[in-house]
Every structure is written in C-alpha cells, then in structure tokens.
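In what follows, a single structure is set out as structure tokens and then discussed.
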Amino acid sequence: MGSKLSSPPVRLVRSAALFLSTTVALCLPSTAFASNNRHEAHAHRTTGLSLYEAGEFERAQGEFERAYELRPTPDVLFAWAQSARLVGNCSTAISLYQRFIATDPPARQVDAANQHVARCRQTLATERSLAGQVPTQSATECSDRSTARVSTRETSTAGAPVDRPRRFARDALTTTLAGAGLIGLAGGVALFASAQSHSRQASELNSYAAFDAAQTRTQRHRTAAAVVGGTGLALGLTAVVRYIIVRSR
C-alpha cells in the first residue's frame, strides 16, 4: 500500500525530468547555432577591419556586410557605411548611415553620421554638376585679364614712394606690433590647417568612437586657431592704426 501511495510523486518526478531533458535538447542546437554565428561574424568583422586599415575598402565593405548579416550590430553597420563611402559608393553609404541612425545611438554619434551623409550628398551633387558642366575659353581669358590688371596695379604700387620712411622705421613699437600680428596670423593659419587635417582623418575612421575623438581634437585646434589668429589680427590692425598716426605727424 505504501508503494502505491508513492507512485504518483515518482511519476511526477519522471515527467519533470523528461520535460527538462527535452527542453535542453531543443535549446542546444539553437544556442550552438547562435554561437557559431557570433564567432563567424567576429571573424568577418576582424578581417574587414584589417582590410580597411590597409585601404582595401571594396573588400572591407563585403566583409562588414557579411558580418552584419550574421550578427547585426551598430558598430559594424557604421564601419560598413564608412567603407561604402570611401570606395565612392555614396548612395549605399547614405542608406547605411540612415540605418545606423535608426538604431538610436547617442546624439554625438548621430551628429557624426549626419556629417557623413551631408558629405556624401555634396559629393553626389558635385558629380552631377560636373557631368553637365562645359568649360568655356572666354571665362579663362577673362580670368587672365583680371590677373594681369591686378599685377599691374601691384607693380605700380610697389614702385610708389613712401612718405616719411625714416619716421616709421624709428617707431619700434609699430614694427613690433606688426611682427607680432604676422606671427599670430601665421600661427592661426597653421592651427586651422591642422584642424582641417584632423577633420579629414576623422572622416576616414571606421569607428564612431575614434571619429568622436578626432572631432574633439579638430574642435580644439579650431578654437586655438580662432584665438591665436584673432589676436594676431588685432595686433596687426593696431600696428596699421599706429602707422597711420605716425605718418600724419
């Protein structure tokens, strides 16, 4: 009688064990498949990054596309878009950037993608404009005449006598201000050129994190260029005003 009372619990335990084993058996193939996809996607992504660094953007584009098909992640999508843009496939790149934006990344990453979209659209517009543009000889001739007139005026101005050169030469402060102004302007131009170089380098990066860091450096250089160049311009204008005052004495 005791064995009969214990039979239902035994059957319940056996049923639960059978259910668990069946569930595990069904889940294992799915888990293994997902794991294989993850490893294969990682391999394609790694290959794509190597090709990208080597400048083989066409092949890198294919690797990123395959990686995204196996495991769609925003960073692979961004790298795929970068490769498409750098290989000259701006139409595809725009679509990929828009898909990246649709993943709802942080605002700075959205701004980066939008900058690339704008650059691609500008490239497409330029290509369409150049396709319908026919150069004319008259425009070239007109430009040559204008340059010749400017050169003539500059020559005549350079040969004109300067009033009271000795007084200006003795004014050391004016000379110092002018020199400092030129140095400031040159420094501002150099910093701005450096900022533009960082900006161009940023546009070729395959990671939005690296792009963000490059953009930060670009902004710092542009700010420094504005400060240094502005200071140089102010000193130069001060030198001009002082020169005019000295000449009028």
May I ask you to list pairs of residues, at least six apart or on different chains, whose Cβ atoms are under 6 Å apart, with the first in region 36-57 being modelled with pLDDT under 95 and the second being among the hydroxyl-bearing types (S, T, Y) and surrounded by 15 or more Cβ atoms within 10 Å (Cβ to Cβ)?
F57/S83
I'd like the full set of residues that are within 22 Å of Q219 (Cβ to Cβ) and either of a type in the set (D, E) or not assigned by TED's automatic domain parsing to the domain that holds P74 (or both), limited to region 96-133.
D111
Can you tell me which residues in region 191-209 are assigned to a helix (DSSP H, G or I), aliphatic (A, V, I, L, M) and surrounded by 14 or more Cβ atoms within 10 Å (Cβ to Cβ)?
L191, A195, A202
Among all residue pairs at least 6 apart or on different chains, which show Cβ distances below 8 Å where the first residue, located in region 87-104, is closer than 21 Å to R128 by Cα and the second is of a type in the set (S, T, Y)?
C90/T123
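The values are calculated or read from the model by the stated rules, or taken from the named source; none is laboratory data. Nothing here was measured: the structure is a model prediction, and the numbers come from that model. Glycine gets a Cβ as well: all are built from the backbone with ideal geometry, and neighbour counts include every protein chain shown.
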